[in-house]
Amino acid sequence: GPPKAVMLSHRNLAWTADIAAEMINLSSEDCTLSYLPLSHIAEQMFTIHSPINVGSQVYFFSDEKEKFPQYLQDVQPTIFFGVPRVWEKLHAGITGALSQATGVKAKLAAWALRVGSEVNLKRNHGETVGGVLGLKYKLANKLIYSKIKTKIGLGRAKICVSGAAPVSKEVLEFFAGLDVVVHEVYGQSEDTGPTSFNLPGATRYGTVGKPIPGMDVRIAEDGEIQARGPNVCMGYF
């Protein structure tokens, strides 16, 4: 439909910024890369309101889109929000590079992907990883994950998020194999950003997680998603 101007109050923004920082454990030690338009509510929440609350660092990206990969490598953000297209491009670039590997390198990469998938499946269910699998993970991290993650700019990332549109389960599973767990979030401007979120330790690929703390969400008989909470907007301008 036609674009609408969503009216967000100070309380909407402040409450959501507090909840967002709490959900991803944001602190003054963190840093983010701002690259989406600042009219995008998710971008505002991740790179303006929540960072202001905790005093974290924000690097602002210029309009030179071709330099995005280099900026991501330079910043090495600890918190990274990507729309599906960003994750798809990273996925294509990495799979292209891995397809060039042969012999021992190819087998090592395939082994590391299997280990990463197994480890992060357990972590997503809130389980701890130890024993033989823990040793395999440490070895795979030293040989594969740490190198690839640093090369693409996610060497320090502790929370990676995808939102604004659906991302394929295949892409999410691939990144989990590289020890990059991407948490899907669902929301809209009317809810000051998030409505539901896949929290660390409670993540299922192909879903948008549970309602964020403090919100009530229900599905109406006609399928409409209805939300209530301190982050729901004042209305349309």
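The values are calculated or read from the model by the stated rules, or taken from the named source; none is laboratory data. The structure presented is a predicted model; accordingly, all values stated were derived computationally and were not measured. Note that each Cβ is placed from the backbone with ideal geometry, even for glycine, and that neighbours are counted across all protein chains shown. Protein only, heavy atoms only, side chains kept; ligands, DNA and RNA dropped before computing areas. Shrake-Rupley method; radii C 1.70, N 1.55, O 1.52, S 1.80 Å.
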Sequence-distant residues sharing a close amide H with I212 (under 5 Å, placed H): S196, F197
Consider a paramagnetic label point 7 Å from the Cα of T128 along Cα→Cβ; state which residues of the stretch 176-203 have an amide N under 20 Å from it. 200-203
At a Förster distance of 30 Å, what's the computed FRET efficiency of A220 paired with E88, Cβ-Cβ distance as r, to 0.05? 0.40
Enumerate the amide H contacts of G82 below 5 Å, restricted to partners 5 or more residues apart or on another chain; note that Pro and chain-start residues carry no placed amide H. V161, S162, G163
Rank by packing, highest mean first: peptides 51-58, 14-21, with packing defined as the count of other Cβ atoms within 10 Å averaged across residues. 14-21, 51-58
Cβ neighbours within 10 Å, averaged per peptide: list 140-146, 219-225 in order, most packed at the top. 140-146, 219-225
Residue-wise HN-Hα coupling along the stretch 193-198, computed from phi with Karplus coefficients 6.51, -1.76, 1.60 (Hz; x: Gly, Pro): x, x, 10, 9, 8, 7
Could you tell me which of rounded, prolate or oblate describes the chain, using a ≥ b ≥ c as the square roots of the eigenvalues of the alpha-carbon gyration tensor, with rounded for a/c under 1.5 and, failing that, prolate when a/b is larger than b/c and oblate otherwise? prolate
Express the accessible area of the stretch 4-98 per residue in Å², computed with a 1.4 Å probe while the remaining protein chains stay in the model. 51
Give the relative contact order (percent, whole number) for the chain; include only Cα pairs under 8 Å separated by 6+ residues. 26
Pull up all non-local amide H partners of G193: gap of 5 or more, or a different chain, and H-to-H distance under 5 Å with H placed in the peptide plane. Q188
Output the peptides 202-212, 2-12 sorted from most to least packed, where packing is the average of other Cβ atoms within 10 Å over each peptide's residues. 202-212, 2-12
Pop out the ³J(HN,Hα) list for the stretch 157-164 in order, Karplus 6.51 cos²θ - 1.76 cosθ + 1.60 with θ = phi - 60°, rounded to Hz; leave Gly and Pro as x. 5, 9, 9, 10, 10, 10, x, 5
Considering only protein heavy atoms, with the full assembly of protein chains and a 1.4 angstrom probe, order E118, E22, E88, E43 by accessible area, largest first. E22, E118, E88, E43
What length, rounded to one decimal in nm, is gained on full extension from S62 through to K105, with 0.36 nm per residue of separation minus their alpha-carbon distance? 11.8 nm
To one decimal place, what orientation-averaged projected area in nm² is obtained for the convex hull of the Cα set of the stretch 73-117? 4.3
Whole-Hz Karplus ³J(HN,Hα) for the stretch 83-94, in order, using 6.51 cos²θ - 1.76 cosθ + 1.60 and θ = phi - 60°, x for Gly and Pro? 6, x, 4, 5, 5, 5, 5, 4, 4, 5, x, 5
Probe radius 1.4 Å, ligands and nucleic acids ignored: give me the carbon and sulfur share of the accessible area of the chain as a rounded percent. 56
